[in-house]
Every structure is written in C-alpha cells, then in structure tokens.
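Structure first, commentary second.
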Amino acid sequence: MDFLFDCFEDDIWERLDRRTRESDLPGGVYHVHLLKAGFPPLREHFQPVPRLLKPDPMGRLYIGKASDFRDRLITLRKSLLPSHRTDTHGFARAALRLFPAEQLALSVEFHADPTSAERQALRDYRDEFGELPPFNAIG
C-alpha cells in the first residue's frame, strides 16, 4: 500500500497530488478498508472481516481500479456523503447500508496498468481468502 487515508480528511487532495507526483503515475488500485469504530485510518485500526478461508486482517471491503485517482476518489467521496447520494459508485451505496462512512478508509497503490493490477489483486485476494472482497462480489 502506497498510502492510507480517511476519504474525508481535509488535506486529502494535497497528499494525493504529492504522492502522484512522487510516483509519476496518476492511477492504480485502491482498497476500501473497514476501521474499528472511532479510530483514525492506521493499519493497526483495521477491523478484520470474516471470509470463507480465514478473516481478512486488513478489513478490505472492496478493491477497485482508477486510471486517475483524483477523479475516481472525488466520485467515491461524493457517493459517501449523505448530501450527495448518487448511484455513481455502487460500492458506496451498498456499504453505507451497513457501515458509517467514518469507518471507511482508503489505501492506494500506484500502477502503470491499473486494469492488470486490479485483476491480480482480486485473484490474490480470492486465492488467500477463498472469495472476493465482500462488495466486489455483489457486482
């Protein structure tokens, strides 16, 4: 994971732009993680998610791709805001039925080929846990 953040933090865009410049890649794969209630987005605060073969200690609910993280995360962030409920990101609509937006964190991994990287991330997840992340499976 190249970096982890709360999608509602104030300096998200500056941090994302800085990381994009550092990596020289605009997109890649993102993961949506479930956090323990009331905790900031740190690895040690992931809420394990039960899966078929074993719990996912990173609490991954969804794995997606973005050719441009800024554009994709703007759409996702809007989808998570109660005042902007849209149908543009199916994951957000489904997840908000079960979890408050404050318990969701995002991590990103920069890749030159987001489509192949997402496919590999989903395959690796399925191989390790016996099924896809919960909200990838509703698809």
Candidates Gln103, Gln120, Gln47 - the one that is polar (S, T, N, Q), within 16 Å of Leu4 (Cα to Cα) and without any contact (Cβ under 8 Å) to a residue 60 or more places away in the chain
Gln47
Test Arg15 against the stated conditions and say whether it is surrounded by fewer than 16 Cβ atoms within 10 Å (Cβ to Cβ) and at pLDDT below 80.
yes
Subset of the range 96-133 [among the aliphatic types (A, V, I, L, M) and either within 22 Å of Lys36 (Cα to Cα) or buried (at least 16 other Cβ atoms within 10 Å of the Cβ) (or both)]
Leu96, Leu98, Ala101, Leu104, Ala105, Leu106, Val108, Ala117, Ala121, Leu122, Leu132
Applying the selection to the range 40-63, what residues are exposed (fewer than 13 other Cβ atoms within 10 Å of the Cβ), at pLDDT 95 or above and out of contact with any Gly (no Cβ under 9 Å at 6 or more places or on another chain)?
Pro50, Pro55, Pro57
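The values are calculated or read from the model by the stated rules, or taken from the named source; none is laboratory data. Here the structure is a predicted model, which is why all the values come from computation and not from measurement. As a convention, Cβ positions derive from the backbone with ideal geometry for all residues, glycine included, and neighbour counts pool all protein chains shown.
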